[in-house]
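Scroll down for the structure; my scribbles are underneath it.
The values are calculated or read from the model by the stated rules, or taken from the named source; none is laboratory data. Since the model is a prediction, treat every value here as computed from it, not as a measurement. Don't worry about glycine lacking a Cβ; one is built from the backbone with ideal geometry, like all the others, and counts go over all protein chains shown. Side chains included, ligands, DNA and RNA excluded: accessible areas come from the protein's heavy atoms. Shrake-Rupley method; radii C 1.70, N 1.55, O 1.52, S 1.80 Å.
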Amino acid sequence: MSDAAANRLAPADFVAASGYAREVLRRWRLEPDWLVDEAEADDPELPVASRLRRYRQLEALRIQWQEIQGLHDVEETGRRLSGLACECLERALGQAEAAVAERHGRLETPEGGAARLAVLALGKLGGNELNFNSDLDLVFCHAASGQSDGRRSLEPRDYFSRVVRELSGLMEEVTSNGRVWVVDTRLRPFGQAGAVVWSVDAMEQYFVNEGRAWERYAWLKARPVAGDLALGSDLLARIRPFVFRRYLDYGLFDNLRSLHAEIETRSHRDELQDDIKRGPGGIRELEFLVQSLQLLRGGREPALRTPGFLAALRAARDARLLEEVQFEPLNESYRFLRALENRLQLVTGRQTHELPADTEQREALALLMGLSDWNRLASRISKVRERVRELFRKRFGAPEQRAEPVRSLWPPTPDLRDSLAGAGFEDPAAAASALEQLHQRLGRRPLSAEGRRRLDRLMPELLEEVLQHDPPDTGLGDLLALVETIARRSAYLALLHERPQTLARCVRVFRGSARVAAWITASPQLLDDLLAPDKSPELPRLPSVQPEDVENSLNALARFRQAGFVRTALGQLDETLGRPEARRRLTRLAEAVLACMAELFLPENEPPAIIGYGNLGASELHYTSDLDLVFLHRHGEPPVRAVQRLINAMQLPMPGGKLYEIDTRLRPNGNAGMLVSTLQSFADYQDRHAWTWEHQALIRARCVFGSDAFRERFEEIRAEVLVRPRDPDEVRRALADMRKRQLAQRAERAEKRLLGDIQFIAELGVLLNAAQAPALVEARATIEQLTLLGEHGWLKPQSVRQLIDVFNEAALLRDRLFLERECRDALPETSRRMVAEAWRALFEDG
């Protein structure tokens with residue numbers, strides 16, 4: 001701590017303030033100056049039991065002394081104390097194994113090697129944040145079978161139980177030299193009633209069939225610390241789905257409230273008011289705040305699966321689950337309370353969390369905390385605990401009060417149709433039929449008792465929210481389809497109950513957009529994106545991808561793309577996100593996916609560059625856009641198979657749909673050409689063989705993945721092609737023919753047709769004027785091109801304004817027709833006539 005560092009103590013003053021230091025130095029006949037000497041705490045000449053005790057006691061004392069001197073912080077103290085405990089455990093385990101092997105021989109693994117225990121730590125040691133005098137919460141498992149090879153052979157369970165007894169004796173037996181550490185094994189399956197040692201298979205089955213909510217909290221902090229570390233890691237990988245659910249586990253809130261109420265009740269007991277761990281505003285409440293986030297979202301955010309408090313807190317901030325203003329109070333409070341906890345145990349020489357009543361100990365504690373007297377320390381403790389208390393109340397306060405739902409509508413009754421008519425439904429017969437059929441289908445489904453309770457609790461609340469809108473019928477069918485889907489995983493039912501504001505927003509969104517309703521129903525995890533307030537949220541955080549785990553990486557990218565679509569659409573529906581910014585967001589989303597796909601599938605050394613054409617290149621991507629891609633490489637054998645795998649993976653059917661449709665027909669020679677071309681052959685093709693429409697396509701082309709040098713060279717090639725002089729009549733004829741072929745091949749709605757016509761007008765201007773106005777080469781978006789063509793004089797100012805207005809009007813209408821449930825608007829005839837006149841003037845009369 002900085003206060004302590006500013007008031008560095010002499011060794012003698014430190015020892016005078018610490019009952020623990022006085023006792024340990026007396027026991028090992030050392031002077032206070034030993035703390036600043038380079039002498040080893042370990043003494044190999046001592047018997048094992050005494051050696052372990054000396055090493056643990058003196059090394060822990062030195063670690064704490066160094067923190068108080070400002071040589072490292074409280075987090076590093078936790079790591080060093082944890083490392084010390086792991087080292088002592090490994091030594092004691094080796095001694096225990098040798099003792100049991102001498103009497104009973106050895107056990108072998110199925111592969112023929114020596115079988116060892118895996119020692120897993122939970123609690124503070126598991127979190128790599130051991131305090132000065134913590135117990136060691138340990139669980140033991142093995143993977144051995146058969147019998148040991150000694151004369152008095154044993155089954156694995158009995159054999160390893162003896163090893164644990166030997167280990168525990170070495171660690172916690174109190175001798176004239178004290179003990180090493182207290183070992184606590186009560187967090188094992190079935191607690192004190194369960195076996196001390198379990199096989200990994202049996203332990204996995206226990207968590208599948210018997211695991212309880214509080215055990216998820218306990219195993220958040222699990223990590224292997226001694227013995228067979230690989231086996232311990234294997235067990236943790238097996239039980240990870242128990243601890244961290246793949247979906248957002250809002251069903252956890254009922255359990256959280258029970259645990260919260262228990263903590264709340266305990267913390268207010270008189271005997272805990274001075275307890276800085278279990279009392280109000282103590283360490284337990286801080287840990288509960290962060291652990292609840294880990295359990296809720298750890299299945300979707302791998303970074304949250306870290307056992308330590310501070311590491312998990314930073315991961316929550318980095319995942320944008322905590323704002324900086326929330327992070328800092330938690331970080332500062334935890335560091336203060338953990339430093340206080342360590343110094344309290346230094347002063348008293350006991351494993352305690354209760355602030356001292358003794359005046360001398362109080363002043364010693366203030367001294368070790370770097371403060372001048374107890375009153376100042378007491379004031380600071382009070383402020384920190386009150387801040388923690390307030391954070392705890394905000395997170396786990398009583399659920400939001402809501403009006404009593406109209407329970408007569410669910411479950412359906414014989415007079416449901418009349419009730420719906422009286423409630424204002426335009427088509428009560430259809431609504432009643434939909435509710436009755438849903439009730440029948442769900443009645444036949446084998447829901448758990450908890451799932452059915454959650455369903456019957458949510459449905460009246462949902463219908464009450466539906467009745468707040470006029471007419472209530474709008475979107476009801478989609479809402480009921482969502483309920484039927486999420487009833488299979490009732491945590492989502494719990495989410496909508498726990499978050500009334502999310503339920504209200506869900507109803508509004510489903511009423512407003514059949515498109516977003518379909519996306520969410522197909523992938524209910526997207527309900528999480530309704531948790532954001534009614535303001536345009538940022539794009540989701542890009543997931544990390546692992547080339548060795550392609551399947552999970554693709555699923556993570558699919559969720560990322562889906563969430564990006566939903567968040568962007570919500571921004572447009574809420575009118576907090578304009579059309580141009582929505583297009584740019586969708587473009588950034590696609591580029592991020594492409595970069596991750598390149599990491600998964602393309603060679604690490606000199607991967608091919610990816611050129612985005614069309615809307616992707618112009619940063620005007622729409623929800624329905626394909627990705628028009630061309631792949632280019634420098635030299636050598638083209639990585640065709642890698643590129644083909646990338647394309648195939650992009651188009652794999654996944655929950656929520658494909659990542660993107662890919663179109664590679666704009667490559668040199670189209671479908672007849674190489675899937676991957678060299679940059680030089682691409683340049684040669686554009687120079688000598690490309691059709692005019694291919695030069696037109698190059699206007700919007702942009703390198704979306706590749707090195708800076710590659711991007712620079714591509715831009716040079718593109719500019720050289722676009723600025724060359726052209727025959728105006730030939731260009732007009734070529735572009736007009738291309739537009740005619742497009743319209744013959746596909747039907748276009750009026751707004752889409754106007755967008756296409758205006759785009760062709762702008763691109764005609766680029767091809768005819770780039771030689772005289774090179775700035776046009778940098779313009780890929782249609783509006784920017786029109787603006788520059790007006791400045792160049794190719795278009796009249798009035799024409800520029802009119803074309804831009806119609807373009808914006810048509811693009812906005814396209815989005816509204818795609819997203820909004822009841823958009824019936826159309827473009828005015830004047831807009832169509834104006835674009836037609838501009839087309840004639842530039843393509844036919846020009």
- [ ] Show me 583-590, 608-615 ranked by packing, highest mean number of other Cβ atoms within 10 Å first.
- [x] 608-615, 583-590
Task: Within the accessible area of the chain (1.4 Å probe), percent carbon and sulfur - done: 46
- [ ] Using only alpha carbons, build the gyration tensor for region 310-469 and give me the equivalent ellipsoid semi-axes, biggest first, whole Å.
- [x] 58, 16, 15
- [ ] Round to the nearest 10 and report in Å² the accessible area of Lys752, as given by a 1.4 Å probe over the protein chains' heavy atoms.
- [x] 70
Open item on the list: Which order do the peptides 492-504, 719-731 come out in when sorted by mean C-beta neighbours inside 10 angstrom, highest first?
Closed with: 492-504, 719-731
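For the chain, what is the percent of antiparallel DSSP beta bridges, rounded to the nearest 5? Intermediate results must be reported in sequence, preceding the final value.
Working: 20 of 30 bridges.
The antiparallel proportion sits near 65 percent.
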Task: Answer label for P(r) over Cα pairs in 10 Å bins from 0, in percent (calculated), chosen among (i) 2, 9, 12, 11, 10, 9, 10, 11, 11, 8, 4, 2, 0, 0; (ii) 2, 11, 19, 20, 16, 12, 9, 6, 4, 1, 0, 0; (iii) 2, 10, 16, 17, 16, 15, 12, 7, 4, 1, 0 - done: (iii)
Open item on the list: With just the Cα atoms defining each centre, how far is region 310-360 from region 151-229? Give it in Å.
Closed with: 28
Task: Vicinal HN-Hα couplings computed from phi for region 686-693 (Karplus, 6.51 cos²θ - 1.76 cosθ + 1.60; Hz; Gly/Pro x) - done: 5, 6, 10, 10, 5, 6, 4, 5
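Tell me the per residue accessible area of the chain using a 1.4 Å probe; a whole number in Å² is fine. Provide the component values of the computation, followed by the final result.
Numbers: 37250 Å² over 846 residues.
I get 44 Å² per residue for the chain.
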- [ ] Let me know the Rg and Dmax you get for region 763-839 when you use only its Cα atoms, in Å.
- [x] 14.5, 47
TODO: Provide, in order from the shortest bin, the percent of all Cα-Cα pairs of region 610-664 in each 5 Å bin, continuing until the bin that contains the maximum pair distance.
DONE: 4, 17, 25, 23, 17, 10, 3, 1
Open item on the list: If you wrap a convex hull around the alpha carbons of region 154-235, what volume per residue comes out, as a whole number of Å³?
Closed with: 119
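Step by step: find N for region 114-204, compute 2.2 N^0.38 Å, then divide the Cα radius of gyration by it. What's the final number?
On the way: Rg = 14.3 Å, N = 91, 2.2 N^0.38 = 12.2 Å.
Relative to the rule-of-thumb radius for its length, region 114-204 sits at 1.17.
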Task: Protein-only accessible surface order, largest first, of Thr175, Thr485 at 1.4 Å - done: Thr175, Thr485
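Is the shape of region 655-748 best called rounded, prolate or oblate, per the rule: a/c under 1.5 gives rounded, else a/b larger than b/c gives prolate, else oblate, with a ≥ b ≥ c the square roots of the Cα gyration tensor eigenvalues? Display every interim value, and only then the final one.
Values: a/c = 1.87, a/b = 1.02, b/c = 1.82.
Since a/c reaches 1.5 but b/c is at least a/b, the shape of region 655-748 is classed as oblate.
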- [ ] Please list Ser82, Ser145 in order of solvent-accessible area, largest first, computed with a 1.4 Å probe with all protein chains present.
- [x] Ser145, Ser82
Task: Area of Thr624 that stays accessible when all protein chains are in place (1.4 Å probe, Å², to 10) - done: 70
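Which number comes out as Rg/Rh for region 577-686 once both Rg and the Kirkwood Rh are worked out on C-alpha atoms? Before the final figure, lay out each step's value.
Numbers: Rg = 14.3 Å, Rh = 14.6 Å.
In region 577-686, Rg relative to Rh is 0.98.
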Task: Greater than 18 Å apart at Cα, pairs in Lys124/Lys277; Lys752/Lys796; Lys277/Lys383 - done: Lys752/Lys796
Task: Overall dimensions of region 20-97 as given by Cα atoms, namely Rg and Dmax in Å - done: 13.0, 40
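Go ahead and estimate [θ] at 222 nm for the chain from helices alone: -39,500 (n - 2.57) per DSSP H run with n ≥ 4, summed, over the residue count, rounded to 500. Don't jump to the answer; show the numbers that get you there.
Values: 35 runs with 485 residues, N = 846.
About -18500 deg cm²/dmol.
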TODO: Calculate the spin-label point distance for Gln205 paired with Asp729, positioning each point 7 Å from the Cα along the beta-carbon direction, and give it in nanometres.
DONE: 8.8
Task: Rounded to whole Hz, the Karplus (6.51, -1.76, 1.60) HN-Hα couplings of region 98-104, x for glycine and proline - done: 5, 5, 6, 5, 5, 8, 10
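Restricting things to Cα coordinates, could you compute the convex hull volume per residue of region 569-608 in Å³? Please list the in-between numbers first.
Details: hull volume 2.5 nm³, N = 40.
Spread over its residues, the Cα hull of region 569-608 gives 64 Å³ apiece.
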Open item on the list: Let me cross-check Val483: its accessible surface, 1.4 Å probe, with only protein heavy atoms counted, in Å² to the nearest 10?
Closed with: 0
